[in-house]
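Okay, structure first, notes after.
Every number in this text was worked out from the coordinates using simple rules, so none of it is lab data. This is a predicted model, so every value here is computed, not measured. All Cβ positions, even for glycine, are placed from backbone atoms using ideal geometry, and neighbour counts span all protein chains on display.
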Amino acid sequence: MHDGVEGPLRLRIEQVGAEVLHRPARAVATDELASADVQRLIDLMFATLAGTGVGLAAPQVGVGLQIVVIEDPPDFQAAVPPDLLRLQEREPVAPHVLINPILETVDPTPAEFFEGCLSVDGYRAIVPRARRVRVRGLDRDGQPVEREASGWYARILQHEVDHLAGRLYLERMLPRTFVSAASAAQTWTGLPIDEAKRRLGGRAAPAPRGRSSR
Ligand code: ZN
């Protein structure tokens, strides 16, 4: 909702190089989680995420605590070609928060797609991620939650839990596929992933059939 006078309050998103993004976050204690400060932080993280991304970790707003908020709304997916959504196994994810999450790989088969990060603004890269994971943590009331996720939601979970360990996708990506978000939108995300990898990897196109490759 927007009243035309001022937008919702958003937190500043730290960019790569801010130290808080490069060191592990600490676990949230139970009484701390119930505090007004942490509950307010969670609300502000959701407000900051809205309309800009699908996940946000507390270190990205300058707070070294193990808190992530995730939401992949249907209107984001309306902008993605249906074929790509299917390949990505991407479905809407309702807003939820995870406190002190622990991730476990269920199916390590690597899925390779372009991803980006609000803290590496303006860039994308192909990042291999496990296809299926299980996450255990607490909700905002301190109740235990456990979820299993495949495809794009599994990717979001891996990306966000990495933030809590002080890791950015930059150390997981295929380095030659690091591109500007503009070129990704214009060219790279529209191609089959193997073709994008080949062209960005500097490898020659396969020889046309029936002709000598020399
Ligand atoms: Zn990120």
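Between residue 106 and 132, 133, 134, the built amide H atoms are under 5 Å apart, and every one of these is 5 or more places off in sequence or on another chain. Modelled this way, with points 7 Å down the Cα-to-C-beta line, the labels at residue 16 and residue 43 are 3.4 nm from one another.
Summing charges over all other residues whose Cβ lies under 13 Å from the Cβ of residue 74, with Lys and Arg as +1 and Asp and Glu as -1, gives -3. Convex hull volume of the Cα atoms of the chain, normalised per residue: 143 Å³. Taking a sphere under 13 Å around the Cβ of residue 40 and counting the other residues whose Cβ falls inside, with K and R at +1 and D and E at -1, yields a net charge of -2. Extension gain for residue 107-residue 52 works out to 16.9 nm (0.36 nm per residue, less the C-alpha to C-alpha distance). Report summary: the helix-based calculation at 222 nm, which adds -39500 (n - 2.57) for every DSSP H run with n ≥ 4 and divides by the residues of the chain, gives -7000 deg cm²/dmol. Converting phi to 3J(HN,Hα) with the Karplus coefficients 6.51, -1.76 and 1.60 and the offset θ = phi - 60°, the stretch 195-208 yields 5, 4, 4, 5, 5, 6, x, x, 9, 5, 5, x, 5, x Hz in sequence order, with x at every glycine or proline.
Of 96, 163, the sequence from fewest to most neighbouring Cβ atoms within 10 angstrom is 96, 163. Cβ-Cβ distance of residue 181 and residue 209, R₀ of 41 Å, FRET efficiency by 1/(1 + (r/R0)^6): the value works out to about 0.70.
Of the residues 34, 154, 78, which exhibits the maximal mean-square fluctuation in a Gaussian network model of the chain defined by a 10 Å Cα contact cut-off? With Cα springs under 10 Å in the chain, the top fluctuation among 34, 154, 78 is at 78. In terms of surrounding Cβ atoms within a 10 Å radius of their Cβ, 30, 177 rank from fewest to most as 30, 177.
Other residues lying with their Cβ under 11 Å from the Cβ of residue 174 contribute a combined charge of +2, Lys and Arg counting +1, Asp and Glu -1. Across the chain, the relative contact order, built from alpha-carbon pairs under 8 Å that are at least six residues apart, equals 20 percent. Ordered by the count of other Cβ atoms within 10 Å of each Cβ, fewest first, 104, 112, 160 give 104, 112, 160.
What you get for the chain, charging only the Cβ of Lys and Arg (+1) and of Asp and Glu (-1), is a dipole of about 1500 debye around the Cα centre. Stretched out straight at 0.36 nm per residue, the stretch from residue 171 to residue 75 would grow longer than its current Cα-Cα span by 31.6 nm.
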